[in-house]
1. Filter segment 114-124 down to the residues that are modelled with pLDDT of 95 or more and near the ligand (Cβ under 8 Å from one of its atoms) and list them by number.
2. So which residues in segment 21-53 are of a type in the set (Lys, Arg) and at pLDDT below 95, if there are any at all?
3. Going through Asp128, Asp93 one at a time, which residue ends up being more than 14 Å from the ligand (Cβ to nearest atom) and of a type in the set (Asp, Glu)?
4. For segment 31-53, name all the residues that are touching a strand residue (DSSP E or B) at 6+ places or on another chain (Cβ under 9 Å) and within 15 Å of the ligand (Cβ to nearest atom).
5. Looking at His63 and the list (1) of a type outside the set (Lys, Arg); (2) in contact with a helix residue (DSSP H, G or I) (Cβ under 6 Å, 6 or more places away or on another chain); (3) away from the ligand (no atom under 12 Å from the Cβ), which single condition is not satisfied?
6. I'm trying to understand the selection: among the residues of segment 103-128, which are among the polar types (S, T, N, Q) and either crowded, with 19+ Cβ neighbours inside 10 Å or under 17 Å from the mean Cα position of the chain (by Cα) (or both)?
7. Collect the residues in segment 54-76 that are in contact with a strand residue (DSSP E or B) (Cβ under 9 Å, 6 or more places away or on another chain), within 25 Å of Ser117 (Cβ to Cβ) and assigned to a loop (DSSP other than H, G, I, E, B), keeping them in residue-number order.
8. Test Phe70 against the criterion of being of a type in the set (Phe, Trp, Tyr), within 22 Å of Gln131 (Cα to Cα), out of contact with any Leu (no Cβ under 9 Å at 6 or more places or on another chain) and in contact (Cβ under 8 Å) with a residue 12 or more places away in the chain, and give yes or no.
Amino acid sequence: MDNIEGQLSASENNPIGSNTIGHHHRDHDYFMEQALEEAKKCTPSQTAFSVGAVLVNSSTDPHIVLTTGFSREREGNTHAEEVCFLKLQEQQDLLPLPQETTLSLYTTMEPCSKRLSGKKPCLNHIIDFGQISTVYIGTREPSTFVAENTAIDQLQKHGIGCKFIDGAQPICLNVATRGHASSHSATVV
Ligand SMILES: [Zn+2]
């Protein structure tokens, strides 16, 4: 199991991609880069994070992206992971995934465990889907809006692995806080 704190303190000057550009392997860096590209599509918001996510079929070789999502992509202040599941549901209505298929979720920020809007947290979307084996994460959620995110603990209690992508934290946090006045002055709403 990765040491979470150790991963988080990985080099500040090593954005993902810096040592992987041009690689053709569909590895964890590759999929996190895809999630980051999604995050960059977000309309910046002062009152929310800009997050990207990709849902990957990890039962196939090579692994393939099934759906993508970014914050506020769909109506109703949607979250990136939530959009991935909405799109997957639309696909599944046409072409159901075999029961034994396992999926991995790559998200630039840890899934939310609480939403101020009262909507279903992404944590629960992941658990309820039932076929996610591992969640790969770019950065922890800052305590800007919700004091403490408990998603990682809860996911692990449900047997879902959580791993941080080494080196992804600085760039994922930078993109997530686009539109915020600064990481220190953002107000809790
Ligand atoms: Zn969420």
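The values are calculated or read from the model by the stated rules, or taken from the named source; none is laboratory data. Because the structure is predicted, anything quoted here is derived from the model rather than measured. Cβ sites come from the backbone with ideal geometry, for glycine too, and all protein chains shown count toward neighbours.
1. Across segment 114-124, the qualifying residues are Pro121, Cys122, Leu123.
2. Quick first cut of segment 21-53, residues of a type in the set (Lys, Arg) only: 26, 40-41.
The answer is Arg26, and nothing else.
3. The match here is Asp93.
4. Scanning segment 31-53 gives Ala35, Glu38, Ala39, Cys42, Phe49, Ser50, Val51, Gly52, Ala53.
5. In the conditions (1) of a type outside the set (Lys, Arg); (2) in contact with a helix residue (DSSP H, G or I) (Cβ under 6 Å, 6 or more places away or on another chain); (3) away from the ligand (no atom under 12 Å from the Cβ), His63 misses (2) alone.
6. The first filter runs over segment 103-128 and keeps only residues among the polar types (S, T, N, Q), leaving 104, 107-108, 113, 117, 124.
Residues satisfying the conditions are Ser104, Thr107, Thr108, Ser113, Asn124.
7. Within segment 54-76, Ser71 is the sole residue that qualifies.
8. The answer is yes for Phe70.
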